[in-house]
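J.: Dropping the structure in here first, questions after.
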Amino acid sequence: MQLTLIRHGQSTYNLENRFTGDADVPLTKLGKEEALQAGKKIKYFHYDIAYTSMLDRAEETLQIILQEIGQSTIPVIKNKALNERRYGDLQGLNKAETAIKFGDAQVLIWRRSYNVRPPGGESLEDTFNRTVPYYKSEIEPKLLVGENILVVAHGNSLRALVMYLENISKDDILKLNIPTGVPRNYNFDSSLKIIDVAYL
């Protein structure tokens, strides 16, 4: 069985170097192209079901991919558990300007620490605690019966899943960046032990 994780293509806030969080912003032209290229990389994979968040940039990325691989009729399940980490008061702010205002060190702590929340927002730990239980209850059972699954979501919700799947420590996960539009593909044995994992 196979699981493919893909972060949505570039969004307008990505382009403008803004904290996005769960703000519902669209894809850029480049973001749509990244989605198309992701589809080309998994063109010959067959999926039984796809999951995405409730945010437009992930949903649109998924639809572009499914159209490209000729699988637009498979079931698609949308759930807020896969939404991006909420950045609270920082959402919409320019990252460079925020670093000038609060200091590079503080902004780095907000962005990359595991359990520190930005003002009014979620930590990566909070994101893990909603994303991983959903994965375990909704996606793992389908993998166990041999279904192939595509998940299109966000940088931090996918970091939480990768942390769980690969048993990455709280310290090491802070170094992991999930690039936009690049499929991360897992093959499992019948007990869901990872046979191989690779960016495509």
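Since every read-out is calculated from the coordinates, none of them should be taken as a lab result. The model shown is predicted, which means the values in this text are computed figures rather than measured ones. Here the Cβ is made from the backbone with ideal geometry for all residues, glycine too, and neighbour counts use every protein chain on show.
J.: Taking the simple approach of a point 7 Å from Cα along Cα-to-Cβ for both V197 and Q67, what is their distance in nm?
T.: With each label point 7 Å from Cα toward Cβ, the separation is 3.2 nm.
J.: Could you work out the percent of alpha carbon pairs in the chain separated by over 19 Å, rounded to a whole number? All intermediate terms of the calculation are to be shown ahead of the outcome.
T.: On the way: 11597 of 19900 pairs.
It works out to 58 percent of all Cα pairs.
J.: List every residue whose amide H lies under 5 Å from the amide H of I77, counting only residues 5 or more places away in sequence or on a different chain, with H placed 1.01 Å from N in the peptide plane.
T.: A50, Y51, T52
J.: Okay, moving on. What order do you get for D48, D172 when you list them from fewest to most C-beta neighbours inside 10 Å?
T.: On the way: D48 17, D172 11.
Ordered by Cβ neighbours within 10 Å, fewest first: D172, D48.
J.: Taking every DSSP beta bridge with both residues inside the chain, roughly what % is antiparallel (nearest 5)?
T.: On the way: 11 of 24 bridges.
The answer is about 45 percent antiparallel.
J.: Which one, A50, A160, A105, has the greatest fluctuation when you compute a Gaussian network model over the chain with C-alpha springs under 10 angstrom?
T.: It is A105.
J.: Additional query: Through the Karplus equation 6.51 cos²θ - 1.76 cosθ + 1.60, θ set to phi - 60°, convert the phi angles of the range 6-22 into ³J(HN,Hα) values in whole Hz; use x for Gly and Pro.
T.: Couplings: 9, 7, 3, x, 3, 9, 4, 6, 4, 4, 8, 6, 10, 5, 9, x, 9 Hz.
J.: Still on this structure: List, in the order given, every pair from K32/K80; K43/K170; K95/K175; K32/K170 whose Cα-Cα distance in the structure shown is over 28 Å. Provide the component values of the computation, followed by the final result.
T.: Details: K32/K80 22 Å; K43/K170 34 Å; K95/K175 18 Å; K32/K170 32 Å.
The answer is K43/K170; K32/K170.
J.: Now a separate question. Order by neighbour count: R86, R57, fewest other Cβ atoms within 10 Å first, most last. Don't jump to the answer; show the numbers that get you there.
T.: Values: R86 19, R57 30.
So the ranking, lowest neighbour count to highest, is R86, R57.
J.: Taking K and R as +1 and D and E as -1, what net charge do the other residues with C-beta under 12 Å from the C-beta of E34 add up to?
T.: Value of the local net charge: +3.
J.: Just to verify a number: FRET efficiency for A99 and K29, C-beta to C-beta distance, R0 = 35 Å, to 0.05?
T.: On the way: r = 27 Å, r/R0 = 0.79.
Given R0 = 35 Å and the Cβ-Cβ separation, E is 0.80.
J.: Let me ask you something else. Work out, step by step, the length gained on full extension between K78 and Y114: first 0.36 nm times the residue separation, then minus their alpha carbon distance; give nm to one decimal. Display every interim value, and only then the final one.
T.: Details: separation 36, 0.36 × 36 = 12.96 nm, distance 2.56 nm.
Once the chain is fully extended between K78 and Y114, it gains 10.4 nm.
J.: With θ set to phi - 60°, apply the Karplus curve 6.51 cos²θ - 1.76 cosθ + 1.60 along the range 50-63 and write out the HN-Hα couplings as whole Hz, x wherever there is a Gly or Pro.
T.: 10, 10, 8, 8, 8, 9, 4, 5, 6, 4, 5, 4, 4, 5
J.: Comparing T12, T131, T98, which has the greatest mean-square fluctuation in the GNM of the chain with Cα pairs linked when under 10 Å apart?
T.: Greatest mean-square fluctuation among the candidates belongs to T98.
J.: Further question on the same structure: Using the Cα centre of the chain as the reference point, and only Cβ charges (+1 on K/R, -1 on D/E), how large is the resulting charge dipole? Debye, rounded to the nearest 20.
T.: Values: 25 positive and 25 negative charges, 46 e Å.
The calculated dipole for the chain is roughly 220 debye.
J.: Scale the Cα Rg of the range 101-171 by the rule-of-thumb value 2.2 N^0.38 Å and send over the ratio, two decimals. Display every interim value, and only then the final one.
T.: Values: Rg = 14.6 Å, N = 71, 2.2 N^0.38 = 11.1 Å.
Cα-based Rg divided by the globular estimate yields 1.31.
J.: Check R18: other-chain or 5+ apart residues with amide H under 5 Å from its amide H, H built from backbone geometry?
T.: The list, which skips near neighbours in sequence, is K95.
J.: Same structure again: List the residues whose amide H sits under 5 Å from the amide H of S11, counting only those 5 or more places along or on another chain, with H placed 1.01 Å from N in the peptide plane.
T.: Amide H to amide H, under 5 Å and 5 or more residues apart or across chains, S11 pairs with T28.
J.: Nothing charged except the Cβ atoms of Lys and Arg (+1) and of Asp and Glu (-1): what's the magnitude of the dipole of the range 50-164 about its Cα centre? Round to the nearest 20 debye. Let's see the in-between values first.
T.: Working: 14 positive and 14 negative charges, 59 e Å.
In debye, rounded to 20, the range 50-164 gives about 280.
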